[in-house]
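In what follows, a structure is listed as C-alpha cells, so that the remarks can point back to it.
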Amino acid sequence: MIGDAYQLEDDDFHVTILCDADQNRDPRTLFTSVLPEALERAAQSENFQIDAVPFSMNILLIQTPQHKVLVDTGLGSGTLLKTLEQIGVRPESIDRVIITHGHGDHIGGIMGENGLNFPNARYTFWKSEWDYWFTEAQKGDETHPARRNLFPIQDRVDFIDTESEILPGVSAVSAPGHTLGQMGLLIEHGVLRLLHIADAAHTHFQVVHPDWSPRFDMQPDVSAKTRKALFERAADQNLLLTAYHFPFPGLGRISRDGENLKWTSV
Ligand SMILES: [Zn+2]
C-alpha cells in the first residue's frame, strides 16, 4: 500500500523499499504494440482484472553506517517525505540521491514547495541521461518536471558513465532503452545481492515476455535487449531483483523455466 516500507538487511546495511504510489493500470494502454488478447491472458493467469493490474512506485532507501541514500524521489506528492518521517529518517540526513532516469515519476520529489527536499544531498546521474534531460529542460517551460527539478541541483550532481561503484556496496548498471541513459544498480553487501532494474520493465508480465516494450520506451528494441539481459543476469547469478513499478515491494527472483524465465515475488 502507499506509504508502506519493506526492509531487507545484512548487518548494518539496510535496504528499505518505500511505496510512493500504488495504482491499478490497464496494460492494454501501456503495451500498445502487444496483442490485447495476449495481455488479457497474462492478467488472467494471475487473477488480475485486465483494467486493474497493480502498478507501484518503489523507492529504495539504502542506509549504511556512512551513508543514507535514496534511489529516485517519486512523483513529489509528499508521500515519500511522510513515509521517511514515519520510519524516523530526516530528509536532511540523506546525503546521496541516485536518479535512475529523468522521468517525472522518478525526479518529481527532488524539489518541494519550499526548495530542495533533501538539502544536504549530492545527486548521481548517468552522464548521457543528465545531458538529455537538461537539454529538454532548457526547451521546456517552468512546469516541465526536468526544468523544475534539475535546474536547482546542477551544482550538486556527480556523473557516472561506466558500470562502476557509486558508493561502497552500490554500483551502477547500464540499462538503456527505456530512456537513453537509464541506470540500474547492483547492491551487494554480505548475503544481500540485489539487482535494481528501475524501469527496464514495468510489469512482471514482461519476465515471460521480455520482448514486450511499452509505448513510452524511447528505444523499444534496445529496451527489450536490456530487459532480457538483466532478467537473465538475475536468474543466472541468483540475484534478488527489484523493479520500480512492479507490485509493491517489487521484489522477487527470476528462474529459468525451460526456454522461458519465471518471476516469483518475495
Ligand atoms: Zn517510471
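Summary of values
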{"read-out": "Shape call, the range 158-266: gyration tensor on alpha carbons, a/c limit 1.5", "value": "oblate"}
{"read-out": "Cα-based Kirkwood hydrodynamic radius, the range 5-265, one decimal, Å", "value": "18.5 Å"}
{"read-out": "N47-E165 pseudo-label distance in nm [points 7 Å out on the Cα-to-Cβ vector]", "value": "4.5 nm"}
{"read-out": "Distance from the range 18-56 to the range 92-168 (C-alpha centre basis), Å", "value": "29 Å"}
{"read-out": "Among the listed pairs K68/K262; K68/K127; K139/K225, those beyond 27 Å (Cα-Cα)", "value": "K68/K262; K139/K225"}
{"read-out": "Rounded if a/c under 1.5, otherwise prolate or oblate - the range 204-266, Cα gyration tensor axes", "value": "oblate"}
{"read-out": "Mean Cα-pair separation over length for the chain, i.e. relative contact order, pairs under 8 Å, 6 or more apart, %", "value": "16 percent"}
{"read-out": "Anisotropy class of the range 108-172 from Cα gyration tensor, a/c 1.5 cut", "value": "oblate"}
{"read-out": "Highest-MSF residue in the chain out of L185, L35, L251 [GNM, Cα springs under 10 Å]", "value": "L35"}
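Only the coordinates and a few stated rules stand behind these numbers; no lab work does. Computed from a predicted structure; not experimentally measured. Glycine gets a Cβ as well: all are built from the backbone with ideal geometry, and neighbour counts include every protein chain shown.
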